[in-house]
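Notes for the one structure printed next.
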Amino acid sequence: MLVDIGANLSSPRFDKDIDEVITRAISSGVGQMIVTGTSVTESEKAIALSAGYPGILYSTAGIHPHNAKDSSLASLEQLSVLLDSRYVVAVGECGLDFNRNFSVPKDQLRCFTAQLELAVEKKMPVFLHQRDAHSDFARILAQYIDRLPAAVAHCFTGNEDELIQYLDMGLYIGITGWVCDERRGLDLKSLVHKIPLQRLMIETDAPYLLPRDLKPKPKSSRNEPAYLPHICQVVADCYGRPYTEIETHSYNNSLRFFNI
Ligand SMILES: [Zn+2]
């Protein structure tokens with residue numbers, strides 16, 4: 001059994017057939033999925049969706065750095081209320097993304113810090129996003145990490161120095177189908193085995209990041225949780241360990257991390 005720790009199932013791309021998507025996930029061995037919240041509105045959608053599939057779907061609630069420009073004090077208060085929902089198991093996704101700067105860095109820094117404060121206050125784990133912002137991200141996180149129950153660097157695509165720094169801070173590492181990409185996933189492929197098995201979790205980031213090496217190649221470019229076993233197999237190959245060993249560790253880590 002597997003847990004998909006990052007699935008954007010509230011995306012409109014799943015509106016028409018969410019039931020079938022979840023059924024396919026379960027029959028391929030994905031027992032639980034954590035629906036990613038990326039704004040107050042999306043987090044509300046993620047919670048409502050999770051309520052319809054108790055014990056199968058859980059959700060995070062948070063404001064993605066892309067949406068930081070829209071986050072006011074009022075939205076952080078709304079977020080605080082959402083975090084008390086029984087279906088919400090982590091704060092996030094939150095963090096910094098200086099790759100495209102859809103929100104200016106100043107807004108991102110403010111919004112990230114506010115969510116770390118909320119996580120400390122609510123004693124909840126955090127689901128973290130970081131792109132091209134490592135040093136600011138690590139500096140801010142270091143101020144909170146000792147007071148957080150747990151934190152995961154979701155969709156890790158960084159280099160070895162970043163990985164070591166995250167592991168030293170006690171972070172869990174989320175690996176997506178990025179590792180299946182023959183063009184840009186090679187560096188990650190060579191790093192995966194350095195993640196201690198006690199810190200590894202896996203995720204699809206559906207509908208994004210469809211694994212590029214699926215055979216046969218799906219007709220749709222939409223990724224979905226049913227492809228998580230494929231990612232688990234690629235990760236197992238990176239370690240040179242059996243599938244079941246990666247499955248067991250990532251599953252147990254996920255249940256412990258999200259307290260589900
Ligand atoms: Zn992300």
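The values are calculated or read from the model by the stated rules, or taken from the named source; none is laboratory data. Here the structure is a predicted model, which means the values were calculated and not measured. FYI the Cβ positions are ideal-geometry reconstructions off the backbone, even for glycines, and counts take in every protein chain you see. Ligands, DNA and RNA are stripped out before the accessible areas are found, and what is left, the full protein with its side chains, is counted by its heavy atoms. Shrake-Rupley method; radii C 1.70, N 1.55, O 1.52, S 1.80 Å.
Worth pointing out:
- Within the range 89-121, the set of residues being within 16 Å of the ligand (Cβ to nearest atom), open to solvent by 40 Å² or more (accessible area, probe 1.4 Å) and in a helix (DSSP H, G or I) is empty.
- Test: residue in the range 15-29 that is of a type in the set (A, V, I, L, M, F, W, C), touching a strand residue (DSSP E or B) at 6+ places or on another chain (Cβ under 6 Å) and crowded, with 18+ Cβ neighbours inside 10 Å: no
- Residues satisfying the stated conditions in the range 122-140, i.e. within 16 Å of the ligand (Cβ to nearest atom), in a loop (DSSP other than H, G, I, E, B) and open to solvent by 10 Å² or more (accessible area, probe 1.4 Å): 125, 132
- Residues of the range 86-139 that turn out to be of a type in the set (Ser, Thr, Tyr) and closer than 16 Å to residue 59 by Cα, as a count: 1
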